[in-house]
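Below is one structure, written out as structure tokens; the observations come after it.
FYI, it's all coordinate maths here, none of it is from the lab. These numbers come from a predicted model, not from an experiment. Methodologically, a virtual Cβ is constructed for each residue, glycine included, from the backbone with ideal geometry; neighbour enumeration extends over all protein chains shown.
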Amino acid sequence: MSRFFSLLFPQKGKETKIISNEKIDENKVRTARQIITDLQKDLPNYTNQGCGPFVAAIFDSNGEMLVKTANSVVNECCSNNHAEVNAIKEAEKKLGTYNLAPYNLRIYVTAEPCIMCTGAIMFSGIRELYYGVSSKTVEKITGFDEGFKPDWFEEFKKRGITVYGNIEPELGANELNEYVKEGKIIYKPTR
């Protein structure tokens, strides 16, 4: 049985329910809120260049940003070029290794990782994941298929990966709605 932690945080007249697979650390949440807000604010710069509506950044244990990337599925014609995968590839290249575990890295993403990206994060050695808007909201707004991820919070916890989610979700939902409203490409395979 999964054990989740949650805490309500005041946010512009509303409360946001932050979720985690560890006891909530308010300092981690404060940092994540700032980083994810910054990533959401950067999003239009990427989508106006043909990127998809997701951005990821990897930070080291000192709080220094190592890499920041966007989803480049459409503009690079590669279905696995999601923001998280792109960030992991760039970090591995920059550090000269396939194993990021010794570096105690954190990944911050504008939206909950899809099934492919949860696998990439798990196998990369990243220690902490922070995300904005939920997959359910992403699917509802955009129609993207985020995939089936049973008990992934618990599976990450078993592997020593901390997860915090639902960070600044309204800001993320607004950016996704804007992406759709502007008629940008909703990429998904035909079935």
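Summing Cβ point charges (Lys, Arg +1; Asp, Glu -1) relative to the Cα centre of the chain gives a dipole of roughly 220 debye. Computed over the chain with a Gaussian network model linking Cα atoms closer than 10 Å, the most mobile of R30, R127, R106 is R30.
Measuring r between the beta carbons of N45 and D25 and using R0 = 22 Å, the FRET efficiency lands at 0.15. Of the beta bridges in the chain, as assigned by DSSP with both residues counted there, near 70 percent are antiparallel.
Pairs to check: K68/K158; K136/K188; K68/K184; K89/K188. Give those whose C-alpha atoms are more than 25 Å from each other in this structure. The partial results should precede the final answer.
Values: K68/K158 27 Å; K136/K188 16 Å; K68/K184 22 Å; K89/K188 22 Å.
In this structure, K68/K158 exceed 25 Å between Cα atoms.
Each Cα pair under 8 Å and six or more residues apart adds its separation to the average, and for the chain the resulting relative contact order is 23 percent. I want to verify a result. In a Gaussian network model of the chain, Cα cutoff 10 Å, which of these has the top mean-square fluctuation: E76, E90, E170? Among E76, E90, E170, the largest GNM mean-square fluctuation belongs to E76.
Once you mark the chymotrypsin sites (Phe, Trp or Tyr not before Pro) that are in a DSSP loop and have at most 15 other Cβ atoms within 10 Å, what is the longest gap between them in the chain? Each step should come with its number before you reach the end.
On the way: sites that count: F4, Y98, F148, Y187.
Counting at most 15 other Cβ atoms within 10 Å as exposed, the longest clean stretch of the chain is 5-97.
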